[in-house]
Amino acid sequence: MRSWLVVVGVVGAVGLVGKVGNNPTAPTKPTAPTKPTTPTTYHLTKTNDSLYHLNDWPLPYPVYQFQTGDVDGDGHEDALVGVVKSTRFHPEQGRRLFIFKLVNGKARPLWLGSKLGATLIDFRFVDGRVRALETSATGRYAVSDYRWEDFGLRFERFIANPTDSITAFNIFRQ
């Protein structure tokens, strides 16, 4: 069994100090969060070639990529998981991007994408954007940036389009 652990942040604890007023039997007064104490993590565990778990969330698909970053801009790390699967609207097997949030320490889907702009080859999280290496039906390549908007990723700009595979791969890796 193969497992990845990504520590992405910590949750602060609420301290209880001092009494309210002069009454020694009065309840304690909660204070502001103290220094972080409880780690918040994503665990990606491989059970076999087609079954992974992101924390408690089953991913019954092969995984080709796993990264973290604050995709939706809320100040908390999200998990970006690349899976290989078919979808209702795209029945051919292909690389897809799933984005998850942590809710009470549990991975929950934020976005389960069936397709970006073209056929997805790979992705990276760069400067608050999802950078995608894509290819078209004509065999040309593009490197594109996508940014979170309300419920999903919105195309922002081409870094390179159209181009050949070598140029696209080199630009994508920068």
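The values are calculated or read from the model by the stated rules, or taken from the named source; none is laboratory data. Since the structure is predicted, the reported quantities are computational estimates derived from the model, not experimental observations. As a convention, Cβ positions derive from the backbone with ideal geometry for all residues, glycine included, and neighbour counts pool all protein chains shown. Protein only, heavy atoms only, side chains kept; ligands, DNA and RNA dropped before computing areas. Shrake-Rupley method; radii C 1.70, N 1.55, O 1.52, S 1.80 Å.
So is Tyr42 in a strand (DSSP E or B), hydroxyl-bearing (Ser, Thr, Tyr) and open to solvent by less than 70 Å² (accessible area, probe 1.4 Å) or not? Talk me through it step by step, then tell me what you get.
Working: in a strand (DSSP E or B): yes; hydroxyl-bearing (Ser, Thr, Tyr): yes; open to solvent by less than 70 Å² (accessible area, probe 1.4 Å): yes.
So Tyr42 passes the test.
Of all residues in segment 91-117, those being surrounded by fewer than 16 Cβ atoms within 10 Å (Cβ to Cβ) and over 20 Å from Tyr146 (Cα atoms) number 8. Return the residues of segment 56-72 that are modelled with pLDDT of 95 or more, within 21 Å of Asn104 (Cβ to Cβ) and either in contact with a Pro (Cβ under 8 Å, 6 or more places away or on another chain) or not hydrophobic (A, V, I, L, M, F, W, C) (or both); say none if nothing qualifies. Passing the criteria: Trp57, Pro58, Thr68, Gly69, Asp70, Asp72. Exactly one residue out of Asp122, Asp164, Asp150, Asp145 is exposed (fewer than 13 other Cβ atoms within 10 Å of the Cβ) and either in contact with a strand residue (DSSP E or B) (Cβ under 9 Å, 6 or more places away or on another chain) or closer than 26 Å to Leu44 by Cβ (or both), and it is Asp164. Test Val17 against the stated conditions and say whether it is at pLDDT below 95 and surrounded by 12 or more Cβ atoms within 10 Å (Cβ to Cβ). Here the answer is no, as Val17 does not meet what is asked. His76 meets each of the listed conditions (1) open to solvent by 40 Å² or more (accessible area, probe 1.4 Å); (2) in contact with a Phe, Trp or Tyr (Cβ under 6 Å, 6 or more places away or on another chain); (3) in contact (Cβ under 8 Å) with a residue 60 or more places away in the chain apart from (2). Checking segment 128-147 against the condition returns a match, with at least one residue being in a loop (DSSP other than H, G, I, E, B), under 18 Å from Asp72 (Cα atoms) and among the small types (Gly, Ala, Ser).
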